[in-house]
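Trainee: A single structure is presented below for examination.
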Amino acid sequence: MRNVFLRTTAAAGLVLVLAACGGEPTESAAGGGAASGDTIKVGLLHSLSGTMAISEVTVRDAELLAIEEINAAGGVLGKKLEPVVEDGASDWPTFAEKANKLISQDKVATVFGGWTSASRKAMLPVFERHKALLWYPVQYEGLESSPYIFYTGATTNQQIIPGLDYLKEQGKTKIFLVGSDYVFPRTANKIIKAYAAANGMTVLGEEYTPLGHTEYSTLTNKVVQAKPDAVFNTLNGDSNVAFFKQLKSAGVTAESMPVLSVSVAEEEVTGIGVDNIVGHPVAWNYYQTTENAANSKFVAAFKAKYGAAKVTSDPMEAGYNAVYLWAEAAKKAGTVEVEAVKKASGGIALERPEGLVTIDGETQHMYKTARIGIIQPDGLIKEVWNSGEPIKPDPYLKSYPWAGSLAS
């Protein structure tokens, strides 16, 4: 029956979540039962199975580390955090169903979760209906805000546009767009095409494949025949493994045709195989190699908990940050009640592994530093450029004249 929860039109990125996921729309006292006894329940909702597990399991792990650290330091408002973990199973209706369960049955104070924009779009009406809080940890396509979502990953002007600026500065003016067939890549590519038209760049092709797709020989042939200067890659999940392997088999190297990715971090490099992706650029806000004291502590703690061979990455760091940011807002508010936490959150600034992160109270996005990196032979990412300071979030690209029609 769960398919009644969601209907998705991938090309348009339209999502309708029906009231069947919890009966008639209601206003719940979100967080009201979460802080009973000596604990505060918080929800963790990620894909622990399916095509997105390659990326999302490690975000869950980082959030659990943050909870463990906060509890060791005394908890929140004198109470320990109790994680309630659910599996979104790389299935958007399941994300809506599990979000409803965490809010309505488990009575969590807040939820940390999601990866794909399809999962976020599926959960958004659930959180808005219940007036509950979701902390979403992954970069996304922008053109969205919700009073019940905090976006701790990058929005467009903190990742995609810096990535395009980098390609332009490198003289890469002919680009080919490759993405998974859902809302994030399609919306991101609308933005990329608008940027290209205003900045003397040419888009030679635009191709999409379903999430979990593994046969890329036809697509790689199209890319090779188009002869772009660079590829802008918005594939997600384990499709990247097949894509980069088959691209290498077609004779493409980072030197001959760099592929700039915005959803491939250290964790995905491990799955792809470094030999298949070495030398290619990525755009993020954090790398394991980011140099500061907070990151040294974070990397050491993560490896101590999960194994010396484990790597850290941008989305997991943003998930880790989300737990700390929510905890700080709850402490400032003196309660885990949703509206009080929201009111207290604006302007909260913490030194995190990526550097200074500040909550923009107007948009509930973060000020973040943009970083371009190159994948190294050891599988880590070497930063080759950064924005110098945190960038104010601009999810609707209001400060870019060429983006005027995108939000309509």
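Trainee: Select, from Pro147, Pro137, Pro210, the only residue that is closer than 22 Å to Leu325 by Cα, touching a residue at least 24 places away in the same chain (Cβ under 8 Å) and surrounded by fewer than 19 Cβ atoms within 10 Å (Cβ to Cβ).
Mentor: Going through Pro147, Pro137, Pro210 in turn, just one is closer than 22 Å to Leu325 by Cα, touching a residue at least 24 places away in the same chain (Cβ under 8 Å) and surrounded by fewer than 19 Cβ atoms within 10 Å (Cβ to Cβ): Pro147.
Trainee: Take the residues of the stretch 36-54 that are more than 27 Å from Asn236 (Cα to Cα) and surrounded by fewer than 20 Cβ atoms within 10 Å (Cβ to Cβ): which is modelled with the lowest pLDDT?
Mentor: Result: Ser36.
Trainee: Pick out, from the stretch 80-153, the strands (runs of 3 or more DSSP E) lying fully within it that include 3 or more residues that are modelled with pLDDT of 95 or more and touching a His at 6+ places or on another chain (Cβ under 9 Å).
Mentor: 80-87
Trainee: So which of Ala194, Ala198, Ala230 is touching a strand residue (DSSP E or B) at 6+ places or on another chain (Cβ under 6 Å) and either more than 20 Å from Tyr396 (Cβ to Cβ) or touching a residue at least 60 places away in the same chain (Cβ under 8 Å) (or both)?
Mentor: Checking each option against the conditions leaves just Ala230.
Trainee: Look through Thr94, Thr58, Thr110 and report the one residue that is more than 29 Å from Asp181 (Cβ to Cβ) and either in contact (Cβ under 8 Å) with a residue 40 or more places away in the chain or of a type in the set (Asp, Glu) (or both).
Mentor: Thr110
Trainee: Is it the case that the stretch 162-171 has a residue that's basic (Lys, Arg), part of a helix (DSSP H, G or I), in contact with an Asp or Glu (Cβ under 8 Å, 6 or more places away or on another chain) and over 17 Å from Asn285 (Cα atoms)?
Mentor: The answer is no, given that none of the residues of the stretch 162-171 is basic (Lys, Arg), part of a helix (DSSP H, G or I), in contact with an Asp or Glu (Cβ under 8 Å, 6 or more places away or on another chain) and over 17 Å from Asn285 (Cα atoms).
Trainee: Now for a separate question. Among the residues of the stretch 358-385, which ones are surrounded by 17 or more Cβ atoms within 10 Å (Cβ to Cβ) and without any contact (Cβ under 8 Å) to a residue 60 or more places away in the chain?
Mentor: Thr358, Asp360, Tyr367
Trainee: Quick check, is Thr214 in a loop (DSSP other than H, G, I, E, B), of a type in the set (Ser, Thr, Tyr) and more than 19 Å from Met52 (Cβ to Cβ)?
Mentor: It is false that Thr214 is in a loop (DSSP other than H, G, I, E, B), of a type in the set (Ser, Thr, Tyr) and more than 19 Å from Met52 (Cβ to Cβ).
Trainee: Which fully enclosed helices (runs of 4 or more DSSP H) of the stretch 282-391 have 3 or more residues being modelled with pLDDT of 95 or more and closer than 19 Å to Gln159 by Cβ?
Mentor: Filter on the stretch 282-391 gives 314-333.
Trainee: While we're looking at this one, here's another question. Any residue that is in a loop (DSSP other than H, G, I, E, B), modelled with pLDDT under 95 and more than 25 Å from Gln170 (Cα to Cα) - is there at least one of those in the stretch 238-260?
Mentor: yes
Trainee: Among (1) part of a helix (DSSP H, G or I); (2) more than 19 Å from the chain's Cα centre (by Cα); (3) touching a residue at least 40 places away in the same chain (Cβ under 8 Å), where does Asn71 come up short?
Mentor: Every listed condition holds for Asn71 apart from (3).
Trainee: Return the only residue of Lys174, Lys193, Lys245 being more than 22 Å from Ala403 (Cβ to Cβ) and among the charged types (D, E, K, R). Talk me through it step by step, then tell me what you get.
Mentor: Values: Lys174 fails: more than 22 Å from Ala403 (Cβ to Cβ); Lys193 fails: more than 22 Å from Ala403 (Cβ to Cβ).
Unique residue meeting the criteria: Lys245.
Trainee: Can you find even one residue in the stretch 166-173 that is buried (at least 22 other Cβ atoms within 10 Å of the Cβ), under 23 Å from the mean Cα position of the chain (by Cα) and not hydrophobic (A, V, I, L, M, F, W, C)?
Mentor: So far as the stretch 166-173 goes, no, none of its residues is buried (at least 22 other Cβ atoms within 10 Å of the Cβ), under 23 Å from the mean Cα position of the chain (by Cα) and not hydrophobic (A, V, I, L, M, F, W, C).
The values are calculated or read from the model by the stated rules, or taken from the named source; none is laboratory data. In this text, all values refer to a predicted model and were calculated from it rather than measured experimentally. Reconstructed Cβ throughout: ideal geometry from the backbone, glycine too, with neighbour counts over all protein chains shown.
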